[in-house]
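Taking it in order: structure first as C-alpha cells, then the write-up.
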Amino acid sequence: MSAQAPARVESSGRGSGTWMVVPALALLVLFFALPYLSILTMSLREASTRAVYADGFTIAHYTTALGDGFIWGILGRTLMIGTIVTVLALLLGYPVAYHLARSRSRWTSLLYIFVLSPLLVGLVVRTFAWMIILSNNGVANQALRGLGLIDFPLQLMNNTLGVTIALTHVFLPFIILPLLGNLQAISPDLAMASRSLGASRLRTFLKVTLPLSLPGIQAGTILVFVLSISAYVTPAMLGGSGGRTMSVLVVQYLIDSFRWPAGAALAIIMASVAIIFVSLYLRLTARAMRRLP
Amino acid sequence: MTALTIDRVNKRYGQLHILKDISIAIREGEFISLLGPSGCGKTTTLRCIAGFERPDSGRILFGTRDVTAALPEKRDIGMVFQSYALFPHMTVAENLAFGLEARKIAPDERKRRIGEVLSMVRLEGYEQRFPRELSGGQQQRVALARALVIEPSVLLLDEPLANLDATLRDEMRFFIRDLQQRVGITSVYVTHDQSEAMVMSDRIVVMNAGEIDQLGAPREIYERPASARVADFIGRSNTLQGEIAEALGGESYRIATSSGAIGAEGPSGLSVGAKVQVMIRPENIRIADTGEARHGDNLISGSVVKSIYQGNANQLSIRLASGDEMAVDVSGRTLIEPDAAISLRFAPGDAWLLAS
C-alpha cells in the first residue's frame, strides 16, 4: 500500500485569463475608487458658503468631528445597531439555512421564497410597512392593547429598536444564502459518522457542523454588518432622532446643512471605522478557521 | 451466539415499500454482506441497524438488547462510509480520539488505543496529518481505525471501497477481511459488487426490491442459487428450459430439454412434469473430446458461433441444435475454429435446477 500523500495539485496556468478581470476592475475604479478619492479630497477642503468647497486645504473637519461627543455617540450607536442586527440575523438565519440545506421536502422551495421575500419588495415600501406595524397607533401596539398586555403604546419606532427590527428583517437573506451554500457542501455523512461514534446531536453540532460552517458564518456576518452600518433608508424613516445613524447624519450634513467637506469627512471616518472593524473580525475568525481545508 | 438480529423489519417511504419483512440473524464475529443492485434496500437495512432509520415495524436486537428505538449514539456501533467521512478539521489523532472522548475514556488510555489501532491499519506516524494530506486508501484506513478504536459491538460498512481505484480496491478487500478476522468483530458490509461480497463474506444476503432473494455462504449462492435472478446477479450463467422427466431420489433428477435428456441436481421434492430452468456456469462446461470424461456426464452438441480470446481463457458462444446459445469458457490454449461442430460435456452436479 502506498505510504505517500497524493501530490498537491499545482494551480495551472498562472496568469492565464487575467484579462477577464479587466471589465470588473474598470467598473470598480470608475464608480468606486474615483468617487472615494473625490470624497477624500473634498473632506480635506476648506468650507465655503458659495460653492461646494473652497480652494484651501485643511484637516479641521476631522479634528472637529473627532472632538465632538455627539458624533462619537452616533458612531457608537451605528456600530451597536450593526452588531445587534448581525447577531440577531445569525441566530435567526442559521436554523433556516440548516433546515434548507438538509431538508428534501417539496415545501423547501416555498421556504426559499419566504427567505428571499424581503428582497422582493422595494426598500421604501417595506419600510412604510414597518411604520404601519411599529407606530404608536400601529398594528403591534393595537394588538398588544387588544390583548390587555399594555395600557399605553410602546415606543417601537423613532428609536434604535425599530431600526434594529427592520434591518434584521431585510438583511436576513444575506446571512442565510452564504450559510446555505456552506452547509450544503458539508456531507451529511459527517454528522452520521459523529453520531455513530457516540456523540449526541448537540455535540455533533458543536464539534462538527458548527466549526465546518465558520466560512459561511464569516461571509454572512460581514455582509450583514457592513450593510447594516451603511443602511440609509431604514434608519432615516424609522429611526427618528433617537435612532439616527452615521449615514443619516452624513446626508443631513450634505443636503440639509450644505456642509459638503464636513460631511465628506464624516463619511471617510465611517468607512475607516468599518474597515478597521471588518479587518479585526477577519483576523479573529481566520484564527478560528485555521484548521479548515 | 447471535450477535445481531433483524426481525421482520418493514420500512416504507410513502407509497414505496423499501424493506419487506426482512429477517437476518448474524452470528458473533461473522462477516455478512448485503448484496444487491441500487434501490434493493441494502443501505436502508444498514441504516436501520445504525439507527439512522426507524423501521415501521419489526425489531432489531444487538445480542439480547432491543435497540429498535435507540438513538445511533447509544447503539455502540462503528461505521465506515463510502465517502470516508473523516472530520476535515481534525488531525488523524483527533479523528480517532473523537469517539473515545464521547465515551469519556481517560487521555492515557486514549493514546494507547489510538497507537494500537493505527499500527493495526499500518499508519503509525500519521497522527498529526490532516485527512486532506492522505491518499484515498489511507483515508479509508483511518476511517476503519476510527470505527474500530471504540471497540464497538458491530462494525457497519457502507460500500467503503467504491471510491477507490481497482488495484487498491482488491488490496483493501483482503486488508479489511484480515483485520475483521483478527479483531473478530461482527460486521455488516453493504456492496453492489458481487466479487467483493464473494471474497470477503462468511455469508451473503442477496437482496432485490426490498426482499431477501437468498441468504447463504458464497459457495452456496454461486453453485446453488435460489432463483434465476440470483444466478444472473452472481456471475455468468446459461439456462436451458426443461421439464422434470424423472426424480432419481435426493437432489438428482432427469430433465427433458429441447437439446435432449440431461441429468441435473436441484432442491429435493420437485415433482415430475414441473417446468424448470437448468443453470450451468460457463466454466463448468468442457469440450467433449478434451480431458477425462466421467460416467454419467451430459453430452450436448452444437456449433461455434463466436470465440473471444482473453489470454487465460477462450469465451465461446455455442449454438445448440435447439437454437439456444450457450456461453462456454475453455482454456486459452484450446484452438477453436469458427462454425466447427462441437460436442460439449458437463457433470449432472454442475447443472442446477431453478424453479420457473
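The values are calculated or read from the model by the stated rules, or taken from the named source; none is laboratory data. Quick caveat, the model's predicted, so the values are computed rather than measured. Ideal geometry is used to build each Cβ from the backbone, glycine not excepted, and the neighbour counts take in all protein chains shown. Calculation scope for accessible area: heavy atoms of the full protein, side chains included, ligands and nucleic acids excluded. Shrake-Rupley method; radii C 1.70, N 1.55, O 1.52, S 1.80 Å.
Side notes on the structure shown:
- Test: residue in the stretch A:98-113 that is within 30 Å of residue A:244 (Cβ to Cβ) and either open to solvent by 40 Å² or more (accessible area, probe 1.4 Å) or among the β-branched types (Val, Ile, Thr) (or both): no
Let's see how each residue does on (1) of a type in the set (Gly, Ala, Ser); (2) part of a helix (DSSP H, G or I); (3) more than 18 Å from the chain's Cα centre (by Cα):
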site: A:23; (1), (2), (3): no, yes, yes
site: A:79; (1), (2), (3): no, yes, no
site: A:105; (1), (2), (3): yes, no, yes
site: A:129; (1), (2), (3): yes, yes, yes
site: A:132; (1), (2), (3): no, yes, yes
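- Annotation: of all residues in the stretch B:54-93 being at the interface with chain A (Cβ under 9 Å from one of its Cβ atoms) and assigned to a helix (DSSP H, G or I), the one that is least open to solvent (accessible area, probe 1.4 Å) is B:72.
- Residues being within 8 Å of chain B (Cβ to nearest Cβ) and either in a helix (DSSP H, G or I) or loosely packed, with under 15 Cβ neighbours inside 10 Å (or both) - total across the stretch A:190-199: 6
- Here residue A:28 does not qualify as loosely packed, with under 14 Cβ neighbours inside 10 Å, in contact with a helix residue (DSSP H, G or I) (Cβ under 8 Å, 6 or more places away or on another chain) and hydrophobic (A, V, I, L, M, F, W, C).
- Here A:198, A:148, A:162 are screened, and the one residue that is modelled with pLDDT of 95 or more and small (Gly, Ala, Ser) is A:198.
- Sole residue being on the phi < 0 side of the Ramachandran plot, open to solvent by 50 Å² or more (accessible area, probe 1.4 Å), in a helix (DSSP H, G or I) and out of contact with any Phe, Trp or Tyr (no Cβ under 9 Å at 6 or more places or on another chain), chosen from B:182, B:254, B:236, B:173: B:182
- Some residue of the stretch A:178-189 being within 14 Å of chain B (Cβ to nearest Cβ), assigned to a helix (DSSP H, G or I), touching a Gly at 6+ places or on another chain (Cβ under 9 Å) and crowded, with 18+ Cβ neighbours inside 10 Å: yes
- A single member of A:69, A:56, A:76 is free of Cβ contacts under 8 Å to residues at least 40 places away in the same chain, open to solvent by less than 30 Å² (accessible area, probe 1.4 Å) and more than 18 Å from residue A:221 (Cβ to Cβ), and it is A:56.
- Pick from the stretch B:95-153, criterion of a type in the set (S, T, N, Q) and open to solvent by 20 Å² or more (accessible area, probe 1.4 Å), ranking: nearest to the other protein chains (Cβ to nearest Cβ): B:135
- Tallying residues that are closer than 26 Å to residue B:135 by Cβ and at the interface with chain A (Cβ under 8 Å from one of its Cβ atoms) within the stretch B:40-53 yields 0.
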